Amino acid sequence: MLCEKCTGEIDVATCGACGKSVAQLGPFCYYCGHKLDKEAGKTAAGDGQGFDEVPDFSDRILCSDGTCIGVINEQGVCKVCGKPYTPGP
């Protein structure tokens, strides 16, 4: 399938849930929301709602600023406010 804007080639996949042929513009079918496999033409098994992977929140570190809702990234700073993490007492 060709992109109508840049005329570049776009991968096409067949959705396992609805059976429609869709351009792989993202990880989900844009007709039914089913998660598509990364390989063109294949689909991933799941619940069809896009909730196949449950994130693990047990190892996250919350921002040490009492007013921020962010979490600390791999570099040791908050993803929201950018302040470095300072452990509390």
Query - Thr7 at pLDDT 80 or above and among the hydroxyl-bearing types (Ser, Thr, Tyr) - result: no
Query raised in the report: Going by the conditions given, is Asp52 at pLDDT 85 or above, in a loop (DSSP other than H, G, I, E, B) and either in contact with a Lys or Arg (Cβ under 6 Å, 6 or more places away or on another chain) or among the aromatic types (Phe, Trp, Tyr) (or both)?
Result: no
Query raised in the report: Is it the case that Lys35 is under 22 Å from the mean Cα position of the chain (by Cα) and modelled with pLDDT of 80 or more?
Result: yes
Query raised in the report: Is it the case that Gly41 is in contact with a strand residue (DSSP E or B) (Cβ under 9 Å, 6 or more places away or on another chain), at pLDDT below 85 and at positive phi?
Result: yes
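The values are calculated or read from the model by the stated rules, or taken from the named source; none is laboratory data. All values derive from a computational prediction rather than experimental measurement. Note that we place each Cβ from the backbone using ideal geometry, even for glycine, and neighbour counts take in every protein chain shown.
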